[in-house]
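To keep things clear, I will list the structure first and then write my remarks on it.
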Amino acid sequence: MTVKVVGIVGSYRKEMTIDSAVSAVLQGAEAGGAETKKINLLDKHIEFCTNCRSCTQEKVEGRRGKCVHNDDMDNILSEIDGADAVVLGSPVNFSTVTALMKRFIERLIPYGYWPWGEALAPVNRIVKPDKKAIIVTSSACPAFLGRILMPGALGTLKKAAKVMGAKVAKSLYFGPVAGRENAQLSERALRKARKAGEALVRQVRANR
């Protein structure tokens, strides 16, 4: 049975660090025999969550409730729901993910059950993770320092993966990047990302 991996890119710059890193992970997954799809949030129409909580009120069948917005988000989440693994990528902006990725993440609330008057916080509808995830970020800070000094992006991406029913199998932090204009990831970094993609597919198959 074919493994499906969906990559979500939350970067403002196409073909640069995060876009290239997510593409490399997907290339590695393809080399491992997976079917892949990359979704660049920059190309999608995603409205802001208004905190109306309509999507959280009913114990609907399936993985998530229905959002009131009519945009691209439902199709994106359907792709993720039908996948075996997800790759989430965003550079570090102001110590966390980009606003582009944050807007996407805030729209994950349909995965929660949160009826009025019954709880202080949403309960995840997906109790047991059934997917794997790789989270990817980058900054101008060396990677080992970035993980310590600016852990916000990785932490946010990890929580987003959990909400969607995915357990993080690998976190990739690339740095220092952006030392010069239009700098690209090194071949060593890309090779690391491809290997992570190959390993991801092996883990999915091992857990079937």
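The figures follow:
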quantity: Members of the stretch 14-46 that are free of Cβ contacts under 8 Å to residues at least 24 places away in the same chain and under 16 Å from residue 79 (Cβ atoms); calculated: 43
quantity: Answer residue from the stretch 77-128, given it is polar (S, T, N, Q) and either touching an Asp or Glu at 6+ places or on another chain (Cβ under 8 Å) or not in a strand (DSSP E or B) (or both) and is surrounded by the most Cβ atoms within 10 Å (Cβ to Cβ) among those; calculated: 90
quantity: Identity of the residue in the stretch 20-40, under 15 Å from the mean Cα position of the chain (by Cα), surrounded by fewer than 22 Cβ atoms within 10 Å (Cβ to Cβ) and not polar (S, T, N, Q), that ends up nearest to residue 68 (Cα to Cα); calculated: 39
quantity: Qualifying residue in the stretch 60-75 (condition: in contact (Cβ under 8 Å) with a residue 12 or more places away in the chain, surrounded by 19 or more Cβ atoms within 10 Å (Cβ to Cβ) and assigned to a helix (DSSP H, G or I)); calculated: yes
quantity: Residue 30 vs. criteria farther than 17 Å from residue 168 by Cα and in a loop (DSSP other than H, G, I, E, B); calculated: no
quantity: The stretch 143-191: number of residues that are closer than 19 Å to residue 86 by Cβ and touching a strand residue (DSSP E or B) at 6+ places or on another chain (Cβ under 7 Å); calculated: 19
quantity: Residues located in the stretch 104-130, provided they are closer than 28 Å to residue 173 by Cα and touching a residue at least 60 places away in the same chain (Cβ under 8 Å); calculated: 104, 107, 109, 126
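Values in this text are rule-based calculations from the coordinates and carry no lab data. Computed from a predicted structure; not experimentally measured. Note: ideal-geometry Cβ built from the backbone for every residue, glycine included; neighbour counts use all protein chains shown.
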